[in-house]
Amino acid sequence: MKFFTVSLLLLLPLRMLFGQTNKAREIVSQMTTDEKIGLVVGMGMKMPGLNLENNGTGVGQTMDKVPGAAGSTFAIPRLGIPNTVVADGPAGLRILPTRDNDKNTYYATAWPIATLLASSWDTALVEQVGKGMGNEVKEYGVDILLGPALNIHRNPLAGRNFEYYSEDPVVSGNIAAAMVNGIQSNGVGTSVKHFAANNQETNRNQVNTILSQRALREIYLRGFEILIKKANPWTVMSSYNRINGVYTSEDYNLLTNILRKEWGFKGYVMTDWFGGADAVAQMKAGNDLLMPGTAIQTKTLKDAYAAGQLTDAVLNENAERIVNIILISPAYQHYAFSNKPDLEGHAKIARQAAAEGAILLRNDKASLPLNKQVKKIAAFGNTSYDLISGGTGSGDVNEAYTVSLVDGLKNAGFSIPSDLQQLYENYIRDAKAKMPPKKFFFELPPPVAEMEISDEAINAAVTNADAALLTIGRNSGEFQDRKKENDFMLTDKEITLIDKVSKAFHAKGKKLIVILNTGGVMEVASWRDKADAILLAWQGGQEAGNAIADILSGKVTPSGKLATTFPVNYEDVSSSKNFPGKNLSDTQVVSSIGIPMGYPSEVTYEEGIYTGYRYYNSFGVKTAYPFGYGLSYTTFNYGPLKLSAPDFNGTITASMEITNTGKVSGKEVVQFYLSAPAAKMDKPKMELKGFAKTKLLAPGQMQVITWTIRPDDLASFDTNASAWVAEAGNYTVKAGASSEDIRKQAVFSLKKELVTEKCFPVMGPVAPVKQLKPF
């Protein structure tokens with residue numbers, strides 16, 4: 001009965017749990033100043049090759065409750081306040097899988113990366129993933145997961161795009177909200193990140209992001225706003241960068257006026273690890289917890305308090321917000337974590353998610369699913385045998401296994417030529433043995449160069465196999481962005497491999513299927529015609545091999561759609577001319593504890609609101625594969641688009657019938673775009689405002705899809721008025737299968753201009769930003 005009561009308490013909505021505020025205030029009133037400062041500065045961190053415990057409080061607390069966790073908060077036992085543990089990360093819990101003098105293992109599920117989950121466009125599925133992820137957080141003794149991350153895919157070369165969902169804030173916000181709701185249903189917390197405009201790794205700790213208030217509001221804050229209002233995350237993580245000259249962790253307007261006063265956020269804000277520069281300014285801005293916490297920060301706050309530069313009012317507010325969350329944590333509830341999460345059950349969900357987020361980019365002459373006569377598959381490409389489950393850095397996971405593509409094919413009943421497999425496995429093993437050891441545990445190792453395979457080996461494969469499968473792999477992670485050459489673009493060896501295999505197999509009337517095992521967008525236009533089919537599998541987590549085989553065999557009908565555009569050329573990207581900015585000094589900044597922090601730099605978002613499909617559609621730029629695109633093994637008919645009223649008066653409901661007109665069961669993603677009047681402000685040609693995914697529809701089956709249009713969907717941010725404003729005039733609702741495949745549309749009118757929300761005015765100087773305008 002006691003367990004039921006605690007579980008029920010943990011599952012209560014946060015709006016009710018935040019009623020603990022009075023109790024938190026009472027507890028903080030009993031703290032000494034040193035205890036308050038201890039609470040707002042983390043306990044340091046212990047990681048391989050790095051031990052930075054913060055014992056500046058003199059209490060000598062330990063961080064060993066969950067080895068491999070990213071950090072913890074300060075405990076005050078006399079007041080019943082325990083340590084709470086925080087751990088990475090966006091693609092699954094990252095803790096050490098083994099422990100000294102302990103024969104047990106502590107593996108976590110490597111879930112599909114965020115970009116893949118967004119490509120499913122399935123909030124119910126993502127919530128299921130979140131529930132599984134949260135179960136592992138709770139059962140391994142962690143209180144708060146440092147994720148999800150929902151920065152915008154501003155540029156395809158950004159190193160951490162795999163951790164982020166989309167180029168569009170509506171997709172990002174809604175998918176992230178589903179993830180947070182799933183994780184927090186377990187009674188554990190999330191820390192949504194990186195708030196905000198953190199869209200590159202180059203000089204991430206020093207870069208000053210210069211952008212217009214409209215772009216900031218409509219593109220880079222909008223997803224966070226949707227998430228905060230729909231999911232009530234326990235915490236928010238501020239980002240490393242400056243925005244218009246001010247570090248985000250020191251920005252009162254961002255963390256207090258916008259996040260708390262406008263959006264109603266009730267949790268606490270923590271820094272990214274070693275983020276910001278001025279601990280006192282961070283406290284005053286509303287950045288409540290400094291992570292991972294250093295003795296220098298503790299001393300700085302104590303000295304500032306003694307000098308009257310840090311007041312009780314500020315310190316009490318910071319401490320109360322932290323205590324308020326601690327009071328609903330598993331640690332405070334004395335939850336007896338088992339170290340036995342349901343890994344087997346979670347693997348099944350991971351496999352389903354990996355399949356539902358994979359995208360069929362090309363399927364010439366219905367080459368997929370493979371016909372029943374295909375029994376033996378020749379697998380080319382290193383990552384067919386050494387599949388990349390996810391990115392590196394804090395988005396990495398220590399999983400028990402990863403199902404390779406060839407193992408997935410074997411599990412599905414296909415056979416692989418053993419001589420070809422042995423050739424690749426020997427090559428990969430030898431190449432990895434020659435690699436130098438990592439300099440630090442987050443380092444991204446260089447990729448194994450694609451094997452040069454002889455014509456004889458290819459011809460033997462043609463003879464011994466019914467079809468060819470060729471995998472191209474890419475990985476990325478923290479601390480560095482990708483490069484155009486040999487990363488976004490194929491390497492010379494990859495181009496040669498595709499060319500040779502394509503010619504050899506096509507000469508015998510056999511198919512070539514290309515699999516993209518990547519965390520980010522790649523160039524495909526120059527070589528795609530050499531493949532009969534292309535499956536964008538992304539990085540599908542530990543069950544990716546099985547999931548890919550499910551699609552190739554026809555067990556699963558692909559239903560993923562692009563949540564980020566594939567351009568024809570890198571130069572077609574609206575931010576290509578200014579990413580990742582410019583250095584302002586030749587001298588690298590080094591932190592007070594000796595960590596290199598990058599070069600003083602700045603990047604100007606000259607494209608303004610025209611990023612992703614907003615740019616391509618508005619400026620008539622051709623894409624390789626547009627936002628929202630994805631093929632299926634079946635077809636769907638879009639019925640008439642019906643609106644509940646001709647004039648907008650509070651809300652309008654759009655509805656339409658979607659019918660499976662093909663021969664196999666499948667799911668369809670219906671995307672709702674809105675074109676708005678542009679008399680007073682320039683607008684994109686159209687913007688995504690809503691989406692829905694059908695259930696699995698059998699051939700001939702129909703489902704009615706509805707979408708409710710609300711005032712916020714009509715509005716754009718008017719910088720001069722510091723308000724969200726919907727212009728009077730006609731609005732066109734467009735329902736489509738992608739941003740370039742609009743199937744039906746309907747028009748309604750707004751008779752009078754509508755101010756949907758007044759916002760806090762911009763604080764401090766903001767440099768003017770020259771921005772693109774559509775034709």
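Stretching residue 664 away from residue 411 to a fully extended chain increases their span by 88.8 nm, per 0.36 nm per residue minus the current alpha-carbon distance. In the chain, the DSSP beta bridges split such that about 65 percent are antiparallel, to the nearest 5. Per residue, the convex hull spanned by the alpha carbons of the chain comes to 166 Å³.
Please identify which residues in segment 458-494 have an amide N closer than 12 Å to a label point set 7 Å out from the Cα of residue 376, following the Cα→Cβ vector. Hits in segment 458-494 for residue 376 at 12 Å: 460-467. Specify whether the C-alpha gyration tensor of segment 644-775 places it in the rounded, prolate or oblate class, a ≥ b ≥ c being the square roots of the eigenvalues: rounded for a/c under 1.5, otherwise prolate if a/b is larger than b/c and oblate if not. Prolate, since a/c reaches 1.5 and a/b exceeds b/c.
Per-atom-type breakdown for the chain gives carbon and sulfur 51% of the accessible area (1.4 Å probe, protein chains only). For the chain, the longest principal axis of the Cα atoms and the long axis of helix 492-507 meet at an angle of about 30 degrees. Any chance you could give the angle, 0 to 90 degrees and rounded to 10, that helix 222-231 forms with the longest Cα principal axis of the chain? Computed tilt is about 70 degrees. Averaged over residues, the count of other Cβ atoms within 10 Å places the peptides 303-312, 611-620 in the sequence 611-620, 303-312, highest first. Subtracting the Cα-Cα distance of residue 730 and residue 312 from their residue separation scaled by 0.36 nm leaves 145.1 nm.
The helix-only estimate of mean residue ellipticity at 222 nm for the chain, built from DSSP H runs of length n ≥ 4 each weighted as -39500 (n - 2.57), is -7500 deg cm²/dmol after division by the residue total. Extension gain, residue 299-residue 526: 0.36 nm per intervening residue step, less the Cα-Cα distance, totals 76.0 nm. Once you reduce segment 659-730 and segment 522-601 to the center of their Cα atoms, the two points are 26 Å from each other. With each label modelled as a point 7 angstrom along the Cα→C-beta vector, the residue 698-residue 464 pair spans 4.4 nm. Taking 27 Å as the straight-line reach from the Cα of residue 103, the lysines in range (excluding those fewer than 8 positions away in the same chain) are 46, 65, 138, 340, 348, 438. Shown here for segment 77-151: trypsin sites (Lys or Arg not before Pro) in loop regions (DSSP other than H, G, I, E, B) with at most 14 other Cβ atoms within 10 Å, namely 103. When both bridge partners sit in segment 51-194, DSSP labels roughly 40% of those beta bridges antiparallel. Take the Cα of residue 364, step 7 Å toward its Cβ, do the same at residue 644, and the gap between the two points is 4.8 nm. Could you calculate the FRET efficiency of residue 32 with residue 682 from 1/(1 + (r/R0)^6), where r is the beta carbon distance between them and R0 is 51 Å, rounded to 0.05? Working from the Cβ atoms, E equals 0.35.
In this Cβ point-charge picture (+1 for Lys and Arg, -1 for Asp and Glu), the chain has a dipole of about 1480 debye about its Cα centre. Compute the Cα gyration tensor for segment 186-250, then decide on rounded, prolate or oblate, letting a ≥ b ≥ c be the square roots of its eigenvalues: rounded whenever a/c is under 1.5, prolate when a/b is larger than b/c in the other cases, and oblate in all that remain. Oblate, because a/c is 1.5 or more while a/b does not exceed b/c. For the Cα atoms of the chain, what angle does the longest principal axis make with the long axis of helix 418-433, in degrees from 0 to 90, nearest 10? In the chain, helix 418-433 runs at an angle near 30 degrees to the longest axis.
Projecting label points 7 angstrom from Cα along Cα→Cβ for residue 635 and residue 723 puts them 5.0 nm apart. Of the GluC sites (Glu not before Pro) found in segment 564-620, none is in coil by DSSP with at most 15 other Cβ atoms within 10 Å of its Cβ. Under the shape rule built on the C-alpha gyration tensor, where the axes satisfy a ≥ b ≥ c, segment 192-325 is oblate, since a/c reaches at least 1.5 while a/b does not exceed b/c.
For the chain, the solvent-accessible area with a 1.4 angstrom probe is 37 square angstrom per residue.
The values are calculated or read from the model by the stated rules, or taken from the named source; none is laboratory data. As the structure is a prediction and not an experimental result, all values here were calculated from the model. Because the Cβ atoms are built from the backbone with ideal geometry, glycine has one as well, and the counts that use them run over all protein chains shown. The protein model used for the area step is the full one, side chains on, heavy atoms only, and it has no ligands, DNA or RNA in it. Shrake-Rupley method; radii C 1.70, N 1.55, O 1.52, S 1.80 Å.
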